[in-house]
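Colleague: First the structure, then my questions, so here it is.
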Amino acid sequence: MGRSFWLIVGLSLSLLAGCAQQPAKDDSLYQDLGQRAGIQKIVEGMLLHIAQDDRIYKYFAKVDIDRVRDKLVERFCVEAGGPCTYTGDSLEEVHKGMNLSRSDFNALVEDLIAAMNEQHIPVTTQNRFIARLAPERGEVIEK
Amino acid sequence: MALSLSMYLNPVVLASVVGACAAWVSPAADAEQGRLIATGGASSIEGGAGGGIIPWAMLAGYDEQGEWGGNAFATHVDLPDYTLDVVGAAASYGNRVEISYAHQRFDLGSLVSKLNLPEDNLTQDIFGVKVRLFGDLIYDQLPQVSAGLEYKHQNDFLIPSLVGAKRDSDVEGYVTASRLFMGAAFGYNVVVNAGLRYSRANETGLMGFGGDRRDTRSVLKEGGAAILFNPHWAVGMDYREKPDNLSFAGESDWADFFVGWFPNKHVSVVLAYARLGEIATLDNQNGTYLSVQGSF
Ligand code: HEM
């Protein structure tokens with residue numbers, strides 16, 4: 001059985017390697033999220049969920065929400081490989097002083113997932129998108 | 001503490017267990033539960049967060065820094081000649097350290113009359129501690145790596161001693177790593193887990209520790225993998241290598257194939273096919289595994 005264990009590990013690893021994400025050179029994720037209009041709906045849905053989220057609403061209570069929406073749409077569009085330019089400030093600068101926790105980050109991810117579910121974005125597309133945001137956690141939390 | 005098997009299989013009792021857990025967690029509804037759903041794992045048969053038959057590197061509950069989390073669970077394994085029932089609980093703090101307790105009861109079924117055994121069940125208590133050493137299941141560069149210790153005490157040592165087991169309690173350790181790979185299998189998230197255990201437990205300790213054939217600890221491989229079809233449904237498997245310390249019977253490595261359902265951060269259910277092989281001379285002990293967990 002020892003051999004079959006390593007076989008399974010090997011198989012799962014080669015599966016992972018075989019199916020690993022392409023680098024963000026194509027715009028297929030942008031298309032799958034419904035282009036700019038789709039991304040705007042997702043961002044607005046996320047902000048609506050945040051507005052009802054006791055865990056993190058406090059951070060957004062006094063911000064210029066139109067600006068945040070516009071910058072988030074640009075940012076998500078760029079992350080997804082779309083033809084946009086991000087004109088906001090660096091993530092580190094924006095979130096400085098908030099001292100966001102790991103839990104705050106996960107709460108926002110949950111609100112984003114809820115918004116994507118409402119837009120009927122398939123789980124596999126959601127995963128691709130979240131995979132591009134996850135590495136940015138370090139620029140956002142504990143600043 | 002030992003609840004009978006019919007209690008677990010009775011859906012009314014099961015529902016009330018789930019209900020009780022839900023009621024019990026509601027005072028703690030302000031607990032922040034800062035981790036993402038399903039990252040508290042299922043409850044392994046030894047009490048800690050994991051898959052079914054092995055611990056994984058994640059910690060019980062949904063706590064992040066500065067928060068508490070935990071769970072209580074009941075598991076029933078129905079084999080051709082035996083049944084295994086486990087109840088237990090685990091708590092963790094700050095996604096850093098986990099403590100756990102499990103009580104296992106192994107009913108010897110037909111073996112009792114076949115061998116004229118003096119007892120019809122074996123029980124064991126397991127106290128565990130697990131520490132996340134570094135890394136993160138989802139974020140950060142490194143996978144989440146945890147190390148754990150388990151103190152096990154076998155409560156009915158007569159039968160194990162008759163077949164050559166050397167002691168009724170022991171400590172064992174393990175190191176385990178888990179990582180979620182986003183979109184890794186056909187776009188779905190995959191969690192992969194691999195670990196090493198240093199143990200001389202016979203049938204995880206239900207048949208005592210050490211034996212006539214070998215009385216030193218062995219390094220044993222453990223591993224598992226699961227695909228998440230969405231944040232609420234997981235399908236996967238666990239594998240656990242086991243030592244072979246007693247000459248009276250062979251001891252098989254174990255595997256299970258599971259479906260896990262995490263409807264919310266308070267309840268989860270795991271249904272599995274457990275391949276436990278030969279146990280105490282009876283072969284082909286392969287059957288169903290059902291585990292219900294309430295988290296807070
Ligand atoms: C990878 C994850 C995140 C990304 C990509 C992101 C991106 C952004 C962007 C582009 C802006 C607008 C920048 C600008 O105005 O120039 C922004 C603002 C903001 N973000 Fe985030 N964010 C993330 C995570 C979070 C989290 C977890 C929270 C809190 C729970 C948060 C709270 C805020 C707040 C309160 C503002 C408004 C700041 C202000 O206008 O004063 N962000 N974020």
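Colleague: Leaving out ligands and nucleic acids, note down the accessible area per residue over region A:24-140 with a 1.4 angstrom probe, in whole Å².
Modeller: So region A:24-140 comes to 50 Å² accessible per residue, rounded to a whole number.
Colleague: May I ask for log10 I(q)/I(0) of region A:24-140 at q = 0.10, 0.12, 0.22 Å⁻¹, from a Debye sum over the Cα atoms as equal point scatterers with solvent left out?
Modeller: Log-scaled intensity ratios, in q order: -0.27, -0.39, -1.50.
Colleague: Same structure, new question: Residues of region B:213-256 losing 40 Å² or more of accessible surface, assembly versus chain alone, probe 1.4 Å, please list them.
Modeller: Relative to the lone chain, where solvent access is computed with a 1.4 Å probe, region B:213-256 loses at least 40 Å² at B:LYS221, B:TYR239.
Colleague: Pick out which of B:HIS232, B:HIS266, B:HIS153 has the largest mean-square fluctuation in a Gaussian network model of chain B, springs linking Cα atoms closer than 10 Å.
Modeller: Judging by the Gaussian network model, the answer is B:HIS232.
Colleague: Using a Förster radius of 22 Å, what is the FRET efficiency between B:VAL97 and B:ASN264 based on their Cβ-Cβ separation? Nearest 0.05, please.
Modeller: 0.35
Colleague: Mind checking which of B:ALA72, B:ALA42, B:ALA184 has the largest fluctuation in a GNM of chain B, springs on alpha carbons under 10 Å?
Modeller: Comparing B:ALA72, B:ALA42, B:ALA184 in a Gaussian network model of chain B, the most mobile one is B:ALA184.
Colleague: What full-extension length gain, to one decimal in nm, is calculated for B:LEU196 and B:LEU149 as 0.36 nm per residue of separation minus the Cα-Cα distance?
Modeller: Details: separation 47, 0.36 × 47 = 16.92 nm, distance 1.20 nm.
Additional length available on full extension: 15.7 nm.
Colleague: If I take R0 = 45 Å and measure r between the Cβ atoms of A:GLU136 and B:ASN286 in this structure, what FRET efficiency does the formula 1/(1 + (r/R0)^6) give, to the nearest 0.05?
Modeller: On the way: r = 46 Å, r/R0 = 1.02.
The formula returns an efficiency of 0.50 here.
Colleague: Work out the FRET efficiency for B:VAL131 and A:VAL68 from their Cβ-Cβ distance, taking R0 = 25 Å, and round it to the nearest 0.05.
Modeller: 0.05
Colleague: Here's a follow-up. So what are the ³J(HN,Hα) numbers for region A:67-84, from phi and the Karplus equation (6.51, -1.76, 1.60; θ = phi - 60°), rounded to whole Hz, Gly and Pro as x?
Modeller: 5, 4, 4, 4, 5, 5, 4, 4, 4, 4, 4, 5, 3, 7, x, x, x, 10
Colleague: B:ASP244 label point, 7 Å along Cα→Cβ, cut-off 18 Å on backbone N: hits in region B:167-204?
Modeller: Output list for this probe position: B:199-204.
Colleague: Using 0.36 nm per residue, how much length does the chain from A:GLN35 to A:VAL78 gain when fully extended, once their Cα-Cα distance is taken away? Walk me through the numbers on the way to the answer.
Modeller: Details: separation 43, 0.36 × 43 = 15.48 nm, distance 1.08 nm.
Length gained between A:GLN35 and A:VAL78: 14.4 nm.
Colleague: Ok, one more. Among B:SER43, B:SER218, B:SER110, which one moves the most in a GNM of chain B with springs linking Cα atoms closer than 10 Å?
Modeller: With Cα springs under 10 Å in chain B, the top fluctuation among B:SER43, B:SER218, B:SER110 is at B:SER110.
Colleague: What is the angle, in °, between the Cα long axis of helix B:11-25 and the longest principal axis of the Cα atoms in chain B? Nearest 10 is fine, range 0 to 90.
Modeller: Taking the Cα atoms of chain B, the angle to B:11-25 is about 50 degrees.
The values are calculated or read from the model by the stated rules, or taken from the named source; none is laboratory data. All of these numbers come straight from a predicted model, not from anything done at the bench. Quick reminder, even Gly has a Cβ in these numbers, built from the backbone with ideal geometry, and neighbours come from all protein chains shown. Heads up: the accessible areas ignore ligands, DNA and RNA and are worked out on the full protein's heavy atoms, side chains in. Shrake-Rupley method; radii C 1.70, N 1.55, O 1.52, S 1.80 Å.
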